[in-house]
Amino acid sequence: MCGIIGQYNFKDKVKDQDFLYKCLQKMKYRGPDEQKTWSNDDHYFAGFARLAIRDMSANAGQPMLSKDGKFCICFNGEIYNTSYCKGLLKPFITEFHTTSDTEVFFYVLIHLGIEKTLEVVDGIFAFAFYDKTNNTLILARDKTGVKPLYYGVCSSGVVFSSEYAHIINHPFFKEKGYDASAIYHYLFLGYMPEGNAIIHGTYFLPHGHYLILKKGQPDLKQYYEFGKDHEFKDSPFDEVLEHSVVSQLVSDVPIGTFMSGGVDSTLVSYFANKHQHFKAFTLGILDSKMDESDAARSYAEKFHIPHCVTMMDAEELDKLIEEHISAFSEPFADYSSLPALKLSEFSKKYITVALSGDGGDELFWGYNRNIRALNLIRIYQKNKLYRKASLIGSKLRNKQSVEIKRHWHANDFQDYYYSTLGITGAHKWLPLLMREKPGKPFFFRKQLEQGDDFSHNMMQWMRNLEMDLHLPRILLKMDRASMYHSLEVRVPFLSNAMLQYSRSIDYQECIQNGVGKVNIKKSLAEKAGNHAAFEPKKGFGIPLDIWMRNNQSLKIRETISNMPERLQNMFNKKMVDKLLDAYFKDKEDIGWFIWALYMLVRWNQTYKC
């Protein structure tokens, strides 16, 4: 919806307002309708870039102050259950100056407090809530991390923003060095995982957490943990998803849906169009192995959904790469950002809000690696000797049965499954390239604290890790790509009701006969009257290897080979050269890992030189 930025000094008056003003202007695409600031003329400054969605009037602008002037909020996101929240406010307030969700959310925070507010609201958000009387600042993100928020902490104070570049180039942090461990995690996962960040002293605020800052003492608290909802939503799947979709159709600007041709986004489009005709937007790829636009078109015709399609080819690659660099102010290597940028630009011509199908795979065991892992759990119940014997036997019977190297050195099932979340090529090449031996990412550490029970509980653990370490990359991609074109994306699969509902579903209902996400596929198959929902998904991707080797090879090789010294010092130069030869001489299909390294260097050139 918007972009926020601010600075909270522990002792001195804020002297960096010119820098913060410039940052606010640079993220105008996140909020093209209005940019405003507020300061207490002392140690707190906040700025807001607005993309108006609900209540287009100036009264709904931000930073928003309470009637008594004691509180200030900068809020990026949407709250869907505002009617329910207004009911909770009846003992305190009955008249509102706007019809915006921000004002309702603001007064729930003021009157009910942070913990109760985060428990009852249903929405996507990242916000900064300042209590002038107690000189306290609270930063928070939504349960699953749809909206971004970065911050940096030093002895002088805290800087926060929707964009990472604003933190690392602030005078407090501009001279700070790289965290090699964080770079390792980025190159392994393809994005900068939450809880830490690449520059020392800076952080990507974890989803489901809030940070309290008072008297120079930052205190990070977790308010939500997937898999530990207080109650289950024991209702039919269709009923829960339809309710979630309808609740997210509230807007004062045009709304549409993204429809890739896959199951999840098609169901979201179906339920949206049950209530009103909303356009569905599809990106096609000029490559028959990856294009799903025909499948999307077929569903649109079946369900009478107004449908708009745009196509993408290699000729647009240079333009989209430069857009990617501009849109992602932190290193990011999920190359499906390129089609996401193209789709967002196309959709913005017609709408300002889009509903996506993200989250279904993570909630309902939809990935092939989930199925493979289920079949491997039994060998991890035994000791390492038994496991190695089983692996050898399986390999002798069928050479394609298992990737033996991935299991051979894994300490346990958790270690193995984390390795499956890595991007192609990282598992082999990253330990050879980097001297750093990193600790574990923030959320992986937290998940390891959950114990090591097997079988049923391991499948739950696997889903938790998908939600905490894989889904954030998907959400980050769509937020940056869409907001770069001033388009808000909402995620019905991640509503409170759907999160609660998923807790009532066991993996046996989702994985059947070697197929994942069966419950959702059955729902679509019943509506479409065919079994197309069970056909393998091609994925929201592009023929990266072909395009990189044919169109970008010289540029990529030169950029990586000539990386700046501050990065070069972290890598084994000889192994980097071997890596490039292995890829560009067609010996290994490790384009994703090459892309991650290329994006790291390009990010450094753009934001840190």
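The set of residues in the range 534-560 being under 25 Å from the mean Cα position of the chain (by Cα) and either over 23 Å from residue 605 (Cβ atoms) or outside any helix (DSSP H, G or I) (or both) consists of 536, 537, 538, 539, 540, 541, 542, 543, 545. The residue list 447, 500, 460 contains one member that is surrounded by 21 or more Cβ atoms within 10 Å (Cβ to Cβ), closer than 20 Å to residue 143 by Cα and modelled with pLDDT under 95, which is 447.
In the range 503-533, the qualifying residues are those that are at pLDDT 95 or above, within 25 Å of the chain's Cα centre (by Cα) and among the basic types (Lys, Arg), and the one that is nearest to residue 337 (Cα to Cα) is 517.
Residue check: is residue 362 surrounded by fewer than 22 Cβ atoms within 10 Å (Cβ to Cβ), of a type outside the set (Lys, Arg) and touching a His at 6+ places or on another chain (Cβ under 9 Å)? Spelling it out, it is not the case that residue 362 is surrounded by fewer than 22 Cβ atoms within 10 Å (Cβ to Cβ), of a type outside the set (Lys, Arg) and touching a His at 6+ places or on another chain (Cβ under 9 Å). Return a yes/no flag: does the range 220-233 have any residue that is among the small types (Gly, Ala, Ser), at pLDDT below 95 and under 22 Å from the mean Cα position of the chain (by Cα). The answer is yes; a qualifying residue exists. Evaluating residue 174 against the criteria (1) crowded, with 24+ Cβ neighbours inside 10 Å; (2) without any contact (Cβ under 8 Å) to a residue 24 or more places away in the chain leaves one unmet condition, (1). Within the range 356-398, the set of residues being polar (S, T, N, Q), part of a helix (DSSP H, G or I) and in contact (Cβ under 8 Å) with a residue 60 or more places away in the chain comprises 368, 370.
Restricting 71, 92 to those that are in contact with a Phe, Trp or Tyr (Cβ under 8 Å, 6 or more places away or on another chain), surrounded by fewer than 21 Cβ atoms within 10 Å (Cβ to Cβ), in contact (Cβ under 8 Å) with a residue 60 or more places away in the chain and farther than 25 Å from residue 173 by Cα reduces the list to 71.
Of the residues making up the range 472-490, those that are under 17 Å from residue 346 (Cα atoms) and assigned to a helix (DSSP H, G or I) number 7. For the range 199-211, the condition holds for at least one residue, the condition being that it is without any contact (Cβ under 8 Å) to a residue 60 or more places away in the chain, assigned to a loop (DSSP other than H, G, I, E, B) and touching a strand residue (DSSP E or B) at 6+ places or on another chain (Cβ under 9 Å).
The single condition from (1) of a type in the set (Phe, Trp, Tyr); (2) more than 28 Å from residue 495 (Cα to Cα); (3) buried (at least 19 other Cβ atoms within 10 Å of the Cβ) that residue 151 fails is (2).
The values are calculated or read from the model by the stated rules, or taken from the named source; none is laboratory data. Keep in mind the model is a prediction, meaning the values are calculated, not measured. With ideal geometry, Cβ positions are generated from the backbone for all residues, glycine too; neighbour counts draw on all protein chains shown.
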